[in-house]
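Notes follow the structure.
The values are calculated or read from the model by the stated rules, or taken from the named source; none is laboratory data. Remember, predicted model here, so these are calculated numbers, not experimental data. Note that each Cβ is placed from the backbone with ideal geometry, even for glycine, and that neighbours are counted across all protein chains shown.
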Amino acid sequence: MLNKAQLIGFTGADAEIRTTPKGKKVAVLRVATSRYTKKGGERQDFTTWHQVEIWSPGTVSWLESRPLPKGSKVYVEGEIRNERFTGQDGQEHFFSKVVVAGPGHELKSLDRPETNPEDED
């Protein structure tokens with residue numbers, strides 16, 4: 001089986017880094033990708049926002065030491081996971097995210113490739 005997502009896009013804000021109750025660090029990053037169509041000679045852009053969750057310790061450490069500012073161009077490779085939660089209104093909500101956690105998963109800066117994390121996970 002294969003569950004793999006590859007994105008090239010721009011960060012929407014600095015990564016949010018938090019520590020779980022068990023002491024593991026995770027980073028959450030919002031990445032925008034876009035596509036366009038032409039209708040009647042006019043270009044129409046469509047932006048899609050992706051939530052990227054990074055669990056790889058080396059990559060999280062890299063983000064702590066070298067934050068990617070808003071608007072940074074990045075390459076993300078990970079797996080798609082679907083989540084759900086119940087909102088305050090009692091309604092069940094669903095969303096998808098890209099998770100960078102295992103072998104072959106990565107986050108790279110395309111603006112500053114010389115500063116990309118080493119594979120130390």
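Quick grid of which residues meet (1) outside any helix (DSSP H, G or I); (2) more than 20 Å from Gly104 (Cβ to Cβ); (3) touching a residue at least 40 places away in the same chain (Cβ under 8 Å); (4) not acidic (Asp, Glu):
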| residue | (1), (2), (3), (4) |
| --- | --- |
| Asp14 | yes, yes, yes, no |
| Ile17 | yes, yes, yes, yes |
| Pro21 | yes, yes, no, yes |
| Arg30 | yes, yes, no, yes |
| Ser34 | yes, yes, no, yes |
| Lys38 | yes, yes, no, yes |
| Asp45 | yes, yes, no, no |
| Thr48 | yes, yes, no, yes |
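Here is a check on your reading of the model: is Pro117 of a type outside the set (Lys, Arg), part of a loop (DSSP other than H, G, I, E, B) and surrounded by 17 or more Cβ atoms within 10 Å (Cβ to Cβ)? Answer is yes for this residue.
State whether the residues of region 14-27 include one that is among the polar types (S, T, N, Q) and more than 19 Å from Ile80 (Cα to Cα).
Going through region 14-27, the residues among the polar types (S, T, N, Q) turn out to be 19-20.
With the extra rule that they be more than 19 Å from Ile80 (Cα to Cα), the set shrinks to 19-20.
Among the residues of region 14-27, at least one is among the polar types (S, T, N, Q) and more than 19 Å from Ile80 (Cα to Cα), which makes the answer yes.
Which of the residues belonging to region 1-12 are within 21 Å of Pro69 (Cα to Cα) and either in contact (Cβ under 8 Å) with a residue 60 or more places away in the chain or touching a Pro at 6+ places or on another chain (Cβ under 8 Å) (or both)? Answer for region 1-12, where residues must be within 21 Å of Pro69 (Cα to Cα) and either in contact (Cβ under 8 Å) with a residue 60 or more places away in the chain or touching a Pro at 6+ places or on another chain (Cβ under 8 Å) (or both): Gln6, Leu7, Ile8, Gly9, Phe10, Thr11.
Table: residues versus (1) over 14 Å from the mean Cα position of the chain (by Cα); (2) within 23 Å of Leu2 (Cα to Cα); (3) of a type in the set (Asp, Glu).
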position	(1), (2), (3)
Leu63	no, no, no
Lys70	no, no, no
Glu79	no, yes, yes
Gly90	yes, no, no
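Among the residues examined, Lys97 qualifies as farther than 17 Å from Pro117 by Cα and under 12 Å from the mean Cα position of the chain (by Cα).
Would you call Ala32 modelled with pLDDT under 95 and in contact with a strand residue (DSSP E or B) (Cβ under 8 Å, 6 or more places away or on another chain)?
Working: modelled with pLDDT under 95: no; in contact with a strand residue (DSSP E or B) (Cβ under 8 Å, 6 or more places away or on another chain): yes.
For Ala32, the condition - modelled with pLDDT under 95 and in contact with a strand residue (DSSP E or B) (Cβ under 8 Å, 6 or more places away or on another chain) - is not met.
Scanning region 94-114 for residues that are modelled with pLDDT of 85 or more, of a type in the set (D, E, K, R) and in a loop (DSSP other than H, G, I, E, B) yields one hit, Asp111. Within region 27-56, the only residue that satisfies the criterion of being exposed (fewer than 10 other Cβ atoms within 10 Å of the Cβ), among the acidic types (Asp, Glu) and closer than 25 Å to Phe95 by Cα is Asp45. Residues that are in a strand (DSSP E or B), at pLDDT 90 or above and among the β-branched types (Val, Ile, Thr) are absent from region 60-70 altogether.
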